[in-house]
Each structure stands twice: as C-alpha cells, then as structure tokens.
Amino acid sequence: INAEYGGGGDPSSMSAFSKSDNYKRFRSWVALNRVSVDATSDRAWKYFDYGPKDAIPLVMIPGATGTAEIFYPQFLSLCPKGLRIISVQWPPYMAHDKWLQGFDRFLDVLKITKVHLFGTSLGGYLAQCYVQYRPARVVSLVLCNSFSDTQYFVDKAPCVGMFQWMPEFVLKRLLLANFPTVQLEKDVANSVDFMVEQLETMPQQELASRMTLNCTLGPLKPSKIEFPDEKITILDSFDEVAIPERLRDEVYKFYPKAKQAQLKTGGNFPYLSRPDEVNMHLMVHLRRHGYILDDLAEKQDDLSSSEDSGSDNKGT
C-alpha cells in the first residue's frame with residue numbers, strides 16, 4: 001500500500017473549493033493510498049482512509065464523474081466524531097461482475113469484514129449491486145441521487161462498446177454534457193466547478209470504465225436483494241439534477257420501507273454543496289444502525305474549521 005499527500009497547484013486556475021482552507025487541510029492530513037488487489041495486474045484502487053481502524057467504516061463510492069476526493073467535507077465533519085471513512089476510486093473495470101470482485105478483494109486487502117456503504121449516482125448503483133452480491137458484509141446503505149436500473153442509459157448510449165477506444169477529450173465532453181449550464185446558487189455552482197476540476201484529473205481508461213458501467217445492463221434485481229429496506233436511507237436533492245426524476249422515483253418504489261432524507265436544494269453533488277445537511281442525515285442514519293458518534297468531539301485544529309467549508313470563496 002502506497003500513500004501520498006496533496007498540495008500545490010496553480011491557485012489562479014483552481015476552483016473555490018480547491019482553494020478553501022478546509023480542502024487544503026484535508027489533503028495535508030489524509031493520505032491518498034493506492035493498493036493493487038490483483039497480483040496479475042498493475043491496476044490500483046485509490047482511496048482515502050481516516051478514523052479509528054477498529055470501527056466499521058463508511059465506504060463512500062463516487063459517481064461517473066467523481067474521484068475519491070469529492071467526499072472531503074464528510075471526512076472533516078464526521079471523522080472527528082469517531083467515524084472511520086474510506087472514499088474510493090476504482091481502476092478500470094469494463095463489467096459489473098469484475099467491479100464487484102475487485103471491490104470485494106479491496107475490502108479483503110484492508111482486512112475489512114463489515115461496511116456501511118454510501119453511493120452517489122453510479123456509485124449508488126454499484127453499492128446496490130454489492131449489497132446483492134455480499135449482503136452479509138453490508139451493515140447499512142445510503143443512496144444519494146442514484147438509480148436502480150441502467151436501461152435508460154443503455155438506450156441513450158448505443159455506442160457503449162466504443163467508449164474504451166474513444167479519446168479522453170471526447171469522453172470528458174460526453175460527461176460534461178450532463179452538467180448544468182444555467183446560472184446556479186453559489187455553493188451549488190462551486191460544487192460543479194470542483195467536480196469539473198476532478199473530472200479533468202481522470203485518465204481515459206477510468207473515464208471509459210465509468211461510462212461503460214453506467215451505460216451497460218447490470219446485474220441488479222432489487223426485488224431479489226436479501227437486505228431489509230429498513231437498513232437503507234435514500235438521500236435526494238429536490239432541485240435540478242442529472243438523474244431523471246422517474247429513475248429516482250423507481251428507487252423509492254424498489255425500497256418502500258427505506259428511510260427518506262430529502263434536501264430542497266443541493267444539485268447533483270449535495271455532499272459538496274450542502275455538507276452540513278448531508279452530514280446530519282449521515283449521522284442519523286449511522287446511529288440508527290449502531291454507530292456511536294461523539295457529538296462533543298471538537299477537533300477543529302486537527303481537521304475542520306467551522307468558519308470555512310469552501311463556500312466563503314466567491315462563486316462563479
């Protein structure tokens with residue numbers, strides 16, 4: 001396992017969140033690790049891991065455009081309260097079963113036997129697939145602006161088999177087409193800028209993998225998942241998001257007894273634009289499923305600063 005710490009960059013070209021003190025603090029304190037889960041491959045999982053090593057971790061899985069860094073506000077707020085968070089960025093997999101096997105090995109390598117899962121967009125779909133694949137390993141599940149069926153994306157991407165051959169700039173253009181172009185409230189706009197910035201760091205093979213997994217029929221059959229709805233929380237933004245409303249409505253129908261946590265606004269990336277609300281819902285969810293969090297823990301000097309969540313910078 002290799003680890004590295006972040007820093008640097010040209011401030012003039014950085015997003016507001018990247019220039020924030022909190023993001024800088026996160027990157028200086030939490031190492032980006034790399035670990036290979038396949039002895040015959042040099043492909044490595046990238047991940048951040050912070051918090052008590054004896055605790056059951058909350059593993060956070062990004063969507064098609066996200067890196068492991070996008071959940072930094074959750075690290076800053078929740079880890080000082082006693083939560084262990086692991087955010088992941090997977091190597092290129094072109095099939096859902098390969099991703100599931102890779103994620104399973106990743107947890108094995110880290111010697112993790114039980115997990116709470118948080119998945120957003122494609123990450124939420126993959127998290128559901130993993131619950132179906134290894135239900136006994138998952139303690140609870142949070143789905144954020146996600147979906148439970150890839151058919152809609154399959155129908156919109158007849159050239160899915162070509163993604164792995166397309167140039168990097170073409171793949172990025174296709175992904176950016178899903179980002180909002182209208183004027184947005186400042187924190188939502190800043191979250192989009194940060195995600196665009198993160199997207200620019202992803203190599204062609206990773207982009208092709210994300211798009212292929214998003215636009216290929218997957219193995220998920222929610223009606224056959226041996227996992228109680230009561231262990232699931234569905235966290236959605238109610239304003240304009242990329243995932244069509246009917247796809248998000250399907251998630252509620254598939255898990256009718258799941259807890260619902262709804263945000264009036266927040267856009268596609270509420271964990272960045274509305275971190276306080278998202279973190280509150282995560283705390284409620286985790287407590288419901290046995291996590292003991294210390295509300296009195298104040299370690300602002302270690303990780304987070306109450307006066308800066310990245311939103312004090314000027315928006316775009």
Can you name the condition, by its number, that D97 falls short on among (1) modelled with pLDDT of 95 or more; (2) open to solvent by less than 10 Å² (accessible area, probe 1.4 Å)?
(2)
Being in a helix (DSSP H, G or I) and surrounded by fewer than 21 Cβ atoms within 10 Å (Cβ to Cβ) is the filter here, so list the residues in the stretch 213-225 that pass it.
P222, S223, K224
Kindly provide the set of residues from the stretch 226-264 that are open to solvent by 60 Å² or more (accessible area, probe 1.4 Å), under 21 Å from T65 (Cα atoms) and in a loop (DSSP other than H, G, I, E, B), ordered by number.
F238, E240
Contact list, first residue from the stretch 48-63 and crowded, with 21+ Cβ neighbours inside 10 Å, second anywhere and among the hydroxyl-bearing types (S, T, Y), beta-carbon distance below 7 Å, six or more apart or interchain, is F48/S87; M60/S87; P62/T120; G63/T120; G63/S121
Residues (modelled with pLDDT of 95 or more and within 10 Å of the chain's Cα centre (by Cα)) located in the stretch 64-79:
T67, A68, E69, I70, F71
If you check E230, E245, E250, which single one turns out to be among the acidic types (D, E) and touching a strand residue (DSSP E or B) at 6+ places or on another chain (Cβ under 8 Å)?
E230
Please specify each residue of the stretch 270-296 satisfying the condition of being surrounded by 12 or more Cβ atoms within 10 Å (Cβ to Cβ), at pLDDT below 95 and assigned to a loop (DSSP other than H, G, I, E, B).
H289, Y291, L293
One residue is enough: does the stretch 85-94 have a residue meeting the conditions free of Cβ contacts under 8 Å to residues at least 40 places away in the same chain, aliphatic (A, V, I, L, M) and assigned to a strand (DSSP E or B)?
yes
Select the helices (runs of 4 or more DSSP H) contained entirely in the stretch 112-209, then report the ones holding at least 3 residues which are at pLDDT below 95 and in contact with a helix residue (DSSP H, G or I) (Cβ under 9 Å, 6 or more places away or on another chain).
151-156, 168-176, 186-199
Specify the residue that is most open to solvent (accessible area, probe 1.4 Å); the eligible residues are those in the stretch 20-47 that are assigned to a loop (DSSP other than H, G, I, E, B) and among the aliphatic types (A, V, I, L, M).
A39
Do any residues in the stretch 189-210 that are on the phi > 0 side of the Ramachandran plot have Cβ atoms under 9 Å from those of residues that are open to solvent by less than 40 Å² (accessible area, probe 1.4 Å) and assigned to a helix (DSSP H, G or I), where the two are at least six apart or on different chains, and which pairs are they?
none
Scan the stretch 197-212 residue by residue and report those that are more than 14 Å from P62 (Cβ to Cβ) and either β-branched (V, I, T) or open to solvent by less than 20 Å² (accessible area, probe 1.4 Å) (or both).
A208, T212
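The values are calculated or read from the model by the stated rules, or taken from the named source; none is laboratory data. Values in this document were obtained by computation on a predicted structure and should not be read as measured data. Here the Cβ is made from the backbone with ideal geometry for all residues, glycine too, and neighbour counts use every protein chain on show. Note: accessible area is taken over every heavy atom of the protein model, side chains too, but ligands, DNA and RNA are not part of it. Shrake-Rupley method; radii C 1.70, N 1.55, O 1.52, S 1.80 Å.
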